[in-house]
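Below: the structure, in structure tokens.
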Amino acid sequence: MVEVQRTTLKDFNKVTFIGKKYDHSDRNEFGSFAPIWEEWNRNNWFELIEEDNELADDAAIGLIILKSDVFEYWIGQFFIPGAIAPYGFEEVSFVADKVGYAEISGNPQNGELYGDIPLMMSWNAIKQCEQLDNYQWNKEESFERYDFDRFSTSKEATVLGYGFLLEKV
């Protein structure tokens, strides 16, 4: 069963995201992007995008962008501004005032950590626990944060982070 472990509200500095973009057609029969993540690990793409760029965060990121009902799912990492994407990868720059962040625990093998339900569960926990009086989530940009010191698909219980880019109202 999924449980929210903690929530925080943090400053979010300008970052450049480097990765690859996917959409609904890239999901497997269970609605997951797991085979794409496996491809990233098999091809050492995280190491490739890190070669000439300075990381802003060493976690792997599943970036979720929903604009005008167009869904994009990106896999990659956050880098300091000015990072350059190697051939075959793309850059996306973000500016947000804060990030609302929730860590959830659950079973990575049965899919309960992924998708709209744990995403919204995380957002609702942040709204209840953090002072968001002057900030709002535009519901366009959020991310999964895979801290491999705490996340493992081989365990029955693990921790996954969800982040929400917040703008000052």
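The values are calculated or read from the model by the stated rules, or taken from the named source; none is laboratory data. Keep in mind the model is a prediction, meaning the values are calculated, not measured. A quick note on method: Cβ atoms are made from the backbone with ideal geometry, for glycine too, and the neighbour counts reach across all protein chains shown.
Things to note:
- Considering the stretch 56-65, the residues that are in a strand (DSSP E or B) and out of contact with any Leu (no Cβ under 8 Å at 6 or more places or on another chain) include one that is farthest from LEU160 (Cα to Cα), namely ILE65.
- Restricting VAL169, VAL159 to residues that are β-branched (Val, Ile, Thr) and surrounded by fewer than 19 Cβ atoms within 10 Å (Cβ to Cβ) narrows the list to VAL169.
- Residues in the stretch 40-56 that are surrounded by 14 or more Cβ atoms within 10 Å (Cβ to Cβ) and either without any contact (Cβ under 8 Å) to a residue 12 or more places away in the chain or closer than 25 Å to ASN138 by Cβ (or both): ALA56 only.
- Matching residues in the stretch 34-72 - criterion: being charged (D, E, K, R) and within 22 Å of THR153 (Cβ to Cβ): GLU38, GLU39, ARG42, GLU47, GLU50, ASP57, ASP58
- Of all residues assigned to the stretch 82-104, at least one qualifies as being on the phi > 0 side of the Ramachandran plot, at pLDDT 85 or above and surrounded by fewer than 20 Cβ atoms within 10 Å (Cβ to Cβ).
- Residue within the stretch 8-22 that is over 30 Å from GLU130 (Cβ atoms), outside any strand (DSSP E or B) and among the polar types (S, T, N, Q) present: no
- Among the conditions (1) in a helix (DSSP H, G or I); (2) within 17 Å of the chain's Cα centre (by Cα), the only one that GLU47 does not satisfy is (2).
- Under the condition of being farther than 23 Å from SER122 by Cβ and aliphatic (A, V, I, L, M), the residues counted in the stretch 58-112 number 4.
- Taken across the stretch 28-43, residues that are touching a Pro at 6+ places or on another chain (Cβ under 7 Å), assigned to a strand (DSSP E or B) and over 16 Å from GLY161 (Cβ atoms) do not occur at all.
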